[in-house]
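Okay, so here's the structure we're looking at.
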Amino acid sequence: MMKELSEVDFKSTVENGFTLVDFWAEWCGPCKMLTPILEELDSEFDNVEFYKVDADANTTLAAELGINSIPTVLVYKDGELVSTQNGAKPKALMRKFIENAIQ
């Protein structure tokens, strides 16, 4: 199960190692399709921490990060954004996205 993340603890959470952050919303159909895929991938990548951020509940953070559509998946390495993926993609493409981001 992916952990919830909010504006308050965002910076301290992404500052060490690889962190994947999924911006989603309850009403978003593609988000609901992507969540189980990310939860499966969470168990496959021991070196990546997976989190989700409710874009509706964290509008300031979403605006600061330039999140214009959801789902948007961000991958950070030691606090630096290294890769961005918009939209729901099949598991194989999401796995490749993560693998490329953490090389």
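Per-residue answers, yes or no, for (1) touching a residue at least 12 places away in the same chain (Cβ under 8 Å); (2) closer than 16 Å to Phe97 by Cβ; (3) among the hydrophobic types (A, V, I, L, M, F, W, C); (4) surrounded by 18 or more Cβ atoms within 10 Å (Cβ to Cβ):
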{"position": "Pro30", "(1), (2), (3), (4)": "yes, yes, no, no"}
{"position": "Met33", "(1), (2), (3), (4)": "yes, yes, yes, no"}
{"position": "Phe45", "(1), (2), (3), (4)": "yes, yes, yes, no"}
{"position": "Leu61", "(1), (2), (3), (4)": "yes, no, yes, yes"}
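In segment 68-100, what count of residues is obtained for those that are closer than 17 Å to Glu40 by Cβ, surrounded by 15 or more Cβ atoms within 10 Å (Cβ to Cβ) and of a type in the set (A, V, I, L, M)?
Qualifying residue count for the region: 5.
Considering only residues of segment 7-23 that are under 18 Å from Leu38 (Cβ atoms) and not β-branched (Val, Ile, Thr), which is farthest from the chain's Cα centre (by Cα)?
The qualifying residue farthest from the chain's Cα centre (by Cα) is Gly17.
Checking the structure you have, find out if any residue of segment 12-21 is surrounded by fewer than 15 Cβ atoms within 10 Å (Cβ to Cβ) and of a type in the set (D, E, K, R).
yes
Rule-based calculations on the coordinates, nothing more; no lab input. Bear in mind the structure is a predicted one, so any value in this text is a computation, not a measurement. With ideal geometry, Cβ positions are generated from the backbone for all residues, glycine too; neighbour counts draw on all protein chains shown.
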